[in-house]
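Here's the structure, in structure tokens; my notes come after.
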Amino acid sequence: MASVAILCIALALMNSICISLAFDTRPLLDFCVTDPIGIGKCKDPKAVTANDFSISGLDRPRPFNSYSVATAIASASTTPGFNTMGQTFIRVEFALNGYLPPHTHPRASEVIYVLEGTMEVGFLTSYPDHKYYSKVLNKGDATIIPFGLVHTVRNVARGKSVITASFNSQNPGFIFVPDSLFAAKPAINSTYLAAAFKLDEKTVKDLQTKLWYI
Ligand SMILES: *[C@@H]1O[C@H](CO)[C@@H](O)[C@H](O)[C@H]1NC(C)=O
């Protein structure tokens, strides 16, 4: 009995270690549909249905924020069958002049496909080159954003544009550069930010109060 208890404790510890080190890789199972009751467990396969792998309404996006952007997402958070598959899929509508600020996905590369309109998409290479590869994409064009690099996405059509984006991670992560620096909680020291951006401190303090987009 004691040895069973020790084994259980060891397994429980391993499980928590496995969760904290979780990353996208080849799954051990055909699928692991998220169990709505047993958090962190796979749903009993007998209870899994086709609906667990599907989502409707990606053509009816919700307003994202003041960037004039609306999104609909298919991911493990919206669709339980996506769990452990290492993928996230979104559809995004950009109003006239809509854009996303420079951002990065620390855990994924991203394929962008233009369904409608015209988008300017670019990414920046690492220090010390900071080379900016950007391109205007029209309907039917696709491009890839390399793993983790800062990139820019903006609508340059005369009206709305629509894209899909897919990520090779269940949890790609979104780091919006302006917000992560100027809307940090608690705030990053403004003297330091002013020095780093070669701005006067007043401008930095102004940015720290106004930049709260997300
Ligand atoms: C920010 O850093 C400067 C310079 O080190 C320091 O004088 C100032 O007190 C700091 N500001 C805050 C709010 O901590």
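The values are calculated or read from the model by the stated rules, or taken from the named source; none is laboratory data. What you see is a predicted model; the values in this text were computed from it and never measured. Note that each Cβ is placed from the backbone with ideal geometry, even for glycine, and that neighbours are counted across all protein chains shown. Note: areas computed on protein heavy atoms with side chains; ligands, DNA, RNA excluded. Shrake-Rupley method; radii C 1.70, N 1.55, O 1.52, S 1.80 Å.
Shown here for the stretch 144-178: trypsin sites (Lys or Arg not before Pro) in loop regions (DSSP other than H, G, I, E, B) with at most 14 other Cβ atoms within 10 Å, namely ARG158. For the stretch 58-214, the Cα-based Rg and Dmax, in that order, read 16.6, 50 Å.
Share of carbon and sulfur in the accessible area of the chain stands at 62%, probe radius 1.4 Å. Out of LYS46, LYS139, LYS131, any idea which swings most in a Gaussian network model of the chain, alpha carbons joined below 10 Å? Between LYS46, LYS139, LYS131, it is LYS46 that shows the largest mean-square fluctuation.
Fully extended, how many nm does the chain gain between ASP30 and LEU96 (0.36 nm per residue separation, minus their Cα-Cα distance)? Walk me through the numbers before you get to the answer.
Working: separation 66, 0.36 × 66 = 23.76 nm, distance 4.27 nm.
Going from the current span to full extension adds 19.5 nm.
Between GLY122, GLY98, GLY140, the GNM of the chain built on Cα springs shorter than 10 angstrom shows GLY140 fluctuating the most.
Based on protein heavy atoms only, the stretch 45-173 ends up with 53 Å² per residue of surface accessible to a 1.4 Å probe. Around the Cα centre of the stretch 45-173, unit charges on the Cβ atoms of Lys, Arg, Asp and Glu (plus for the first two, minus for the last two) sum to a dipole of about 140 debye.
Multiplying the residue separation of ASN51 and SER134 by 0.36 nm and subtracting their alpha-carbon distance yields 26.0 nm.
Let me have the 222 nm mean residue ellipticity of the chain computed from DSSP H runs of 4+ only, each contributing -39500 (n - 2.57), with the sum over all residues rounded to the nearest 500. Write down the numbers at each step before the final one.
Numbers: 4 runs with 43 residues, N = 214.
Mean residue ellipticity, 222 nm, calculated: -6000 deg cm²/dmol.
For the chain, the longest principal axis of the alpha carbon atoms and the long axis of helix 201-210 meet at an angle near 50°. If you run the Gaussian network model on the chain, springs between alpha carbon atoms under 10 Å, then out of ALA165, ALA196, ALA47 the most flexible one is ALA196.
If r is the Cβ-Cβ distance from ALA142 to ASN65 and R0 is 35 Å, what FRET efficiency results, to the nearest 0.05?
Details: r = 25 Å, r/R0 = 0.72.
The pair ALA142/ASN65 has a calculated efficiency of 0.90.
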